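Here's the structure, in structure tokens; my notes come after.
Every number in this text was worked out from the coordinates using simple rules, so none of it is lab data. Model, not experiment: these values are computed from the prediction. Cβ placement follows ideal geometry from the backbone for every residue including glycine, while neighbour counts extend to all protein chains displayed.
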Amino acid sequence: AKGGRLLILPGDHIGPEVVHEALKILDIIEHSTGAKFTRDFDLCGGCSLDKHKTSVTEEVLKKCEEVDAVFFGSAGGPEWGTVQPNPESGLLRIRERMQIFANLRPCMFASKALISYAPIRPEIVQGVNFMFVRENCGGAYYGNKIEEEDYGCDPWQYSRHEIERVARVAGALAMQHDPPLPVWSVDKANVLANSRVWRRIVKEVFDREFPTVKLQNQLADSLAMLLITKPTAFNGVLVGDNTFGDILSDEAGGLTGSLGLLPSASLAGPPGPAEAGGTLGRNSVGGVTGLYEPVHGSAPDISGKGLANPVGQVLSLAMMLRYSFNMHREADIVEKAIEKVLDSKADGGLEIRTGDLGGKAGTKEMSEAIQNTVREMLKS
Ligand code: NAD
Ligand code: IPM
Ligand code: MN
């Protein structure tokens, strides 16, 4: 039987609002397919700080290690600030504990209708379609930090093992296409020692294990510029360090019009069937252990008003179905349903879009349109 064990961590501000809507889609899928997901709800972020004085408890970290997938909303908000431990530290500890080292952040248009809404001219941005594979458990985010009154230090370091495993995920994603997609390794090897090691080891992995994939190097700073001027030149797979991946994936949100549209998957091993991906990071149902969250944050400026765009969270659900539960048909249906909704108009002739996309719809309205479409598509 399909399904598995889920831990749901809605987090703060709009996190719970959009997670709630995404789970309604999961209800519909369970109902129609007979799949069964056990759902355990718990705290991470500011909500956990308020209740337990820690951004994530040891109990929750243990649960993260035991489930087949974690479905995450977003953590943080001005009321908690940045003094440690802040809400965001909970998410970082979960990523570290689960060893979900490959953060997949796709950049493409959720629908053709959005191309005209994107801030970049349509002829430049249409057809953009890349996957950023962000290293998620190392770099400047982790290691022995020093934080003193007048001095702060984040050691920015990578070792062979960390580079090899994330490079393999990028290679596996490229190989899912025939011919294989091109891969760009993103670094600052002109300046940073850890980038030079990164560049060399990524090349070793591709030469040895993915000889048919075209691998190129791309400096991170010029990539930031080229993503605006020639985004389709990077159609394929990009693989880069934690910090570059964080910043450049938000830029991808700007490219396609709204951060509210973008999903992400953080995986403990390569995607694909176990035979192709090996045993690394497999869960109890033969998928990849993962945490799924939108790229956007808790959006405190719009929380509590029913205005948040649920699409990033719902697309994260689709990624979860695909990578952790091998439910490819259902994942495709959720993605196509979103495309259909964004391309359609409601009864009054208005587009069904939330405010971040220039529309008048609320979270509920947008979500209900997606739910109805998913229900229809599952029937046929
Ligand atoms: P943000 O992504 O929360 O918001 C940036 C802008 O995008 C805001 O104007 C917001 O209203 C808009 N936006 C974001 N998601 C939207 C959605 N679904 N629908 C409509 N509009 C949306 O970034 P921020 O304001 O810099 O950060 C707010 C808090 O979230 C901070 O505490 C930050 O650390 C945290 N954060 C958490 C995560 C996470 O938990 N994964 C990720 C990023 C930021
Ligand atoms: C993200 C966020 C996180 C990060 C924060 C909230 C820890 O910005 O998921 O992109 O920097 O990784
Ligand atoms: Mn980010």
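What does a probe at Arg121 reach in the range 257-274, counting residues whose amide N is under 18 Å from the point 7 Å along Cα→Cβ? It comes to 257, nothing else. Using 0.36 nm per residue and subtracting the Cα-Cα separation, the extra length available between Asn372 and Glu147 on full extension is 75.9 nm. Pairs over the 32 Å Cα-Cα cut-off, from the set Lys203/Lys340; Lys336/Lys360; Lys2/Lys214: Lys203/Lys340; Lys2/Lys214.
For the range 168-317, what is the per residue volume of the convex hull drawn over the alpha-carbon atoms, in cubic angstrom? It would help to have the intermediate numbers written out before the result.
Details: hull volume 20.8 nm³, N = 150.
Each residue corresponds to 139 Å³ of Cα convex hull volume.
Based on the alpha-carbon gyration tensor of the chain, what equivalent-ellipsoid semi-axes (square roots of 5 times the eigenvalues) come out, in whole Å, largest first? Before the final figure, lay out the partial values.
Numbers: eigenvalues 173, 125, 99 Å².
Square roots of five times the eigenvalues give 29, 25, 22 Å.
Our note on the geometry: Cα centres of the range 19-61 and the range 236-280, 22 Å apart.
Highest-first packing order for the peptide set 321-327, 232-238, 74-80, 358-364 is 321-327, 74-80, 232-238, 358-364, based on the mean count of other beta carbon atoms within 10 Å. Over 10 Å intervals from 0, what percent of Cα-Cα pairs in the range 118-256 sits in each interval? P(r) for the range 118-256, in whole percents per bin: 12, 41, 32, 12, 3, 0.
Add -39500 (n - 2.57) for each DSSP H run of 4 or more in the chain, then divide by its residues: what number comes out at 222 nm, to the nearest 500 deg cm²/dmol? Can you show the working numbers first?
Working: 13 runs with 160 residues, N = 380.
After summing the helix terms and dividing by residue count, I get -13000 deg cm²/dmol.
What residue among Pro85, Pro310, Pro231 shows peak mean-square fluctuation when the chain is described by a Gaussian network model with Cα springs under 10 Å? Of Pro85, Pro310, Pro231, the Gaussian network model singles out Pro85 as fluctuating most. Between Asn129 and Thr38, the contour length at 0.36 nm per residue exceeds the Cα-Cα span by 29.4 nm.
Share of antiparallel DSSP beta bridges in the chain, in percent to the nearest 5? Mind showing how you got there, number by number?
On the way: 19 of 48 bridges.
Bridges in the chain are about 40 percent antiparallel.
Principal axis extents of the Cα atoms in the range 228-269, from largest to smallest and rounded to whole angstrom, are 32, 23, 18. Ordering of 146-154, 199-207 by packing is 199-207, 146-154, highest average first (other Cβ atoms within 10 Å, averaged per residue).
Using only Cα atoms, locate the centre of the range 313-376 and the centre of the range 154-209, then give the distance between them in Å, rounded to an integer. Comparing the Cα centres of the range 313-376 and the range 154-209, I get a distance of 34 Å.
Under a Gaussian network description of the chain, with springs only between Cα atoms under 10 Å, the residue in Ile352, Ile29, Ile247 that fluctuates furthest is Ile247.
Report the FRET efficiency, 1/(1 + (r/R0)^6), for Thr212 and Ser159, where r is their Cβ-Cβ distance and R0 is 30 Å, rounded to 0.05. Kindly include the intermediate steps, with their values, before the conclusion.
Values: r = 27 Å, r/R0 = 0.91.
For Thr212 and Ser159, the calculated efficiency is 0.65.
Considering only Ser48, Ser222, Ser89, the Gaussian network model of the chain with Cα springs below 10 Å gives its largest mean-square fluctuation to Ser222.
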